[in-house]
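Only the coordinates and a few stated rules stand behind these numbers; no lab work does. Everything numeric in this text was worked out from a predicted model, so none of it was measured. Cβ placement follows ideal geometry from the backbone for every residue including glycine, while neighbour counts extend to all protein chains displayed.
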Amino acid sequence: MPDTAPAPAPSGAPTRAREPIVEVIGLEKSFKTQRVLRNVNLTVYRGETMVIMGGSGCGKSTLLGHLVGFHRPDSGSIRIFGRDILRLATWEMDEVKKRFGILFQSGALYNSMTIAENVALPMREHAALDRDIIDMMVKMKLKMVGWTKPDSLKPSEISGGMKKRAGLARAIALDPELLFYDEPTAGLDPIASAEIAQLIVDLRDKLRVTSVVVTHDMTSAFHIADRMCYLHLGDVRMIGTPEEFRKTDDPLVRQFIDGSLSGPLTAATTGEDYLRDLLGEE
């Protein structure tokens, strides 16, 4: 489904011309004989939060990997900040990467470093700042994500929710214009999940940051999204606002967001279809 509908202005953001920050056009990707992405078209506008969702194996993590430069597609194009990242030299892509941050699913913190050292790392590598300034900036970034523990702790000494906060503080260390989130609430209890979801909203409103969030957590998705993209077997099945998703009559989308056991997503593994699959029959 082409992404042709104009995006609504994100809540908390002033009304302005819609500037594309991420543009995916005709993206195709296969691993060996398995086709993972099929003609994916998606546009994310400045200041909005786009949630990419779908079942396990639908291609959402692979799509995110393409957006941050981990994968190269078989065909199609990806534009970040108006630049085709597939045509950039390594040093040019490094400059683009400085303008976005990534919160990995596990937090991806360095276990040998303290939390403060983890957050300071991007500044020490990419910003010509005195140590005292970096230390002050680290405290500011941790405060922004609601950090409540000593920053001298190491990742092994904190909970999963605090690891997410520390990872997010590091992701915003260089004041990015764009944030990518990979399953930001995975492995968290409901309270911690709600706190992280609200933090994503707060950062969007306070920093005017554009966000792309990959998740299958429907509660968080509907809370944080300005628009949503549903992937099914590598295809973009639907793009729209949370309200449009709540009202959809698409049976695949409906079953996914409702979490129902009955519907087209599970039909292939029930009844006669299941027996045919088990016996290897066409």
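For the cross-link pairs LYS139/LYS206; LYS154/LYS206; LYS98/LYS154; LYS141/LYS163; LYS143/LYS206; LYS139/LYS163, which exceed 19 Å when the distance is taken from alpha carbon to alpha carbon?
On the way: LYS139/LYS206 17 Å; LYS154/LYS206 28 Å; LYS98/LYS154 25 Å; LYS141/LYS163 14 Å; LYS143/LYS206 13 Å; LYS139/LYS163 16 Å.
From the list (LYS139/LYS206; LYS154/LYS206; LYS98/LYS154; LYS141/LYS163; LYS143/LYS206; LYS139/LYS163), the Cα-Cα distance tops 19 Å for LYS154/LYS206; LYS98/LYS154.
Please list 3J(HN,Hα) in residue order for segment 53-67, calculated via the Karplus relation 6.51 cos²θ - 1.76 cosθ + 1.60 where θ = phi - 60°; whole Hz, with x for glycine and proline.
9, x, x, 4, x, 7, x, 5, 5, 5, 4, 4, x, 5, 5
At 7 Å along Cα-to-Cβ for each site, give me the label-to-label distance between LEU88 and ASP205 in nm.
Going by the 7 Å Cα→Cβ label model, 3.1 nm.
If neighbour count is taken as other Cβ atoms inside 10 Å, put PHE256, PHE31 in order from fewest to most. Before the final figure, lay out each step's value.
Numbers: PHE256 24, PHE31 10.
Fewest-to-most ranking of PHE256, PHE31: PHE31, PHE256.
How big is the antiparallel share of DSSP beta bridges in the chain, given as a percent to the nearest 5?
Working: 20 of 37 bridges.
That works out to approximately 55 percent antiparallel.
Where does helix 190-207 land angle-wise versus the long Cα axis of the chain, in degrees 0 to 90, nearest 10?
70 degrees
Of the labelled options [x] 0.99; [y] 1.04; [z] 0.96, which one gives Rg/Rh (Cα atoms, Kirkwood Rh) as computed for this structure?
Derived directly from the coordinates: [x].
Taking LYS29 as the anchor, which lysines have their alpha carbon closer than 25 Å to its alpha carbon, excluding any fewer than eight residues away along the same chain?
Cα-Cα hits under 25 Å: LYS60, LYS97.
Can you work out the Karplus-derived ³J(HN,Hα) for every residue in segment 161-169? Use 6.51 cos²θ - 1.76 cosθ + 1.60 with θ = phi - 60°, whole Hz, and x for glycine or proline.
x, 6, 5, 4, 5, 5, x, 6, 4
Considering only the other residues whose Cβ falls under 15 Å of the Cβ of LEU179, what net charge follows from Lys and Arg at +1 and Asp and Glu at -1? Before the final figure, lay out the partial values.
Numbers: positive: ARG46, LYS97, LYS98, ARG99, LYS141, LYS164, ARG165, ARG170, ARG204, LYS206, ARG208; negative: GLU48, ASP175, GLU177, ASP182, GLU183, ASP202, ASP205, ASP226.
Result for the neighbourhood of LEU179: +3.
Using a Förster distance of 51 angstrom, determine the FRET efficiency expected from the C-beta separation of ALA267 and ASP132, and round it to 0.05. Display every interim value, and only then the final one.
Working: r = 62 Å, r/R0 = 1.22.
After rounding to 0.05, the efficiency reads 0.25.
Top mean-square fluctuation among LYS32, LYS97, LYS143, Gaussian network model of the chain, C-alpha springs under 10 Å?
LYS32
Of the candidates LYS163, LYS98, LYS29, which one comes out as most mobile in a Gaussian network treatment of the chain with C-alpha springs shorter than 10 Å?
Maximum fluctuation in the GNM of the chain, among the listed residues, is at LYS98.
In nm, what is the difference between 0.36 nm times the number of residues separating GLU95 and ILE191 and their Cα-Cα distance?
Details: separation 96, 0.36 × 96 = 34.56 nm, distance 3.68 nm.
Full-extension gain reported as 30.9 nm.
If you rank HIS126, HIS71 by fewest surrounding Cβ atoms within 10 Å, what's the result? Could you put the intermediate results ahead of the total?
Numbers: HIS126 13, HIS71 16.
Ascending Cβ contact count within 10 Å gives the list HIS126, HIS71.
Considering amide H positions built from the backbone, and no H for Pro or chain starts, which residues 5 or more places from LEU179, or on another chain, come under 5 Å of its amide H?
Close amide H contacts, sequence-distant or interchain: GLY101, THR210, SER211, VAL212.
Of TRP91, TRP147, how do they rank once you tally other Cβ atoms within 10 Å and put the fewest first? Present the calculation step by step, with values, prior to reporting the outcome.
Values: TRP91 7, TRP147 21.
Listing TRP91, TRP147 from fewest to most nearby Cβ atoms yields TRP91, TRP147.
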